[in-house]
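The values are calculated or read from the model by the stated rules, or taken from the named source; none is laboratory data. Because the structure is predicted, anything quoted here is derived from the model rather than measured. Cβ sites come from the backbone with ideal geometry, for glycine too, and all protein chains shown count toward neighbours. SASA here: full protein model, heavy atoms, side chains in, ligands and nucleic acids out. Shrake-Rupley method; radii C 1.70, N 1.55, O 1.52, S 1.80 Å.
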Amino acid sequence: MLLAIDVGNTNVTIGVFDGERLAHSWRLAALRERTADELGIYLTHLFEQARLPIETVTGIVIASVVPPLTRPMEEMCERYFSHKPLVVDATNAGMPVRYSPATDVGADRLVDAVAAWEKFGRASGVPLIVVDFGTATTFNAISAKGEYLGGVICPGINISAEALFQRAARLPRVEVRKPPAVIGQNTVNAMQAGLFFGYVDMVDGLIGRIRGELENGAQAIAIATGGLADIIAGESASIQRVDANLTLDGLRLIWQRRATA
């Protein structure tokens, strides 16, 4: 069993792989003040609920974009699971990085790129564009040779929704979803139209611009992942694939490469 942990700004996503199969997955809030012991209590309780003996874990791999949580997560793995985890970065992801400096690329972006290349790029021989709808919405470009080229970072859709609520006194907090029409006939629908259709068009526009800069960009496959991937991809004219488990699969692939090297 492999324990894969993706530490994001909003959520910590945890997956347990039995070989290549994702057997269990959970989400925790990414609270920066959590200690190694608090994390250990949460994870061991999840394992107990799933009737998974902790001893079945033979390896742990972590991608983290939250430095205050990285070390507590490592300590938790060593204390409660008796394994030193592999913490993914540009030096061990197994993909050439054409970004300067390479260490600035978020581990989640690299992990997404590795998984996308293995799933969609290696066999097809075409470039890829990975859009991850997380706390930030990121666009990641992978060459037809399997190189991480760079990308775009935008505010996440929920950040924008919260900013409207916080900064405009008369605007309510709204659920991000597709409204009945672009022309909203009440305040909630008008806000939803701006958020939903605005992000759909932003995604399609940026994918189009990235295609224009990629070699053989017209053939590039656009893949979406992250919490709102299904919602936005359903309206997007550019996204061709949705893969909810892309990040966890990338962690598994990186671990397997290191284990067999």
Review point. Do you know which residues across the stretch 97-135 are of a type in the set (Ser, Thr, Tyr) and over 16 Å from Ile221 (Cα atoms)?
Key: Tyr99, Ser100, Thr103, Thr135
Exercise for review: Test each condition in (1) modelled with pLDDT under 95; (2) out of contact with any Phe, Trp or Tyr (no Cβ under 9 Å at 6 or more places or on another chain); (3) assigned to a strand (DSSP E or B) for Ile62 and report the one that comes out false.
Suggested key: (1)
Practice item. May I ask you to list the residues in the stretch 199-222 that are surrounded by fewer than 21 Cβ atoms within 10 Å (Cβ to Cβ) and small (Gly, Ala, Ser)? Key: Gly205, Gly208, Gly212, Gly217, Ala218
Review point. Taking the stretch 103-154 only, how many residues are among the β-branched types (Val, Ile, Thr) and either without any contact (Cβ under 8 Å) to a residue 24 or more places away in the chain or under 14 Å from Leu251 (Cβ atoms) (or both)?
Key: 4
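So that you can scan it fast, the table gives a plain yes or no per residue for (1) out of contact with any Phe, Trp or Tyr (no Cβ under 7 Å at 6 or more places or on another chain); (2) more than 30 Å from Thr103 (Cα to Cα); (3) acidic (Asp, Glu); (4) in a helix (DSSP H, G or I):
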position	(1), (2), (3), (4)
Gly146	no, no, no, no
Leu149	yes, no, no, no
Asn158	yes, no, no, yes
Gln166	yes, yes, no, yes
Ala169	yes, yes, no, no
Gly184	yes, yes, no, no
Ser236	yes, yes, no, no
Practice item. Count, please, the residues in the stretch 77-115 that happen to be open to solvent by less than 30 Å² (accessible area, probe 1.4 Å) and either out of contact with any strand residue (DSSP E or B) (no Cβ under 9 Å at 6 or more places or on another chain) or in a loop (DSSP other than H, G, I, E, B) (or both). Key: 9
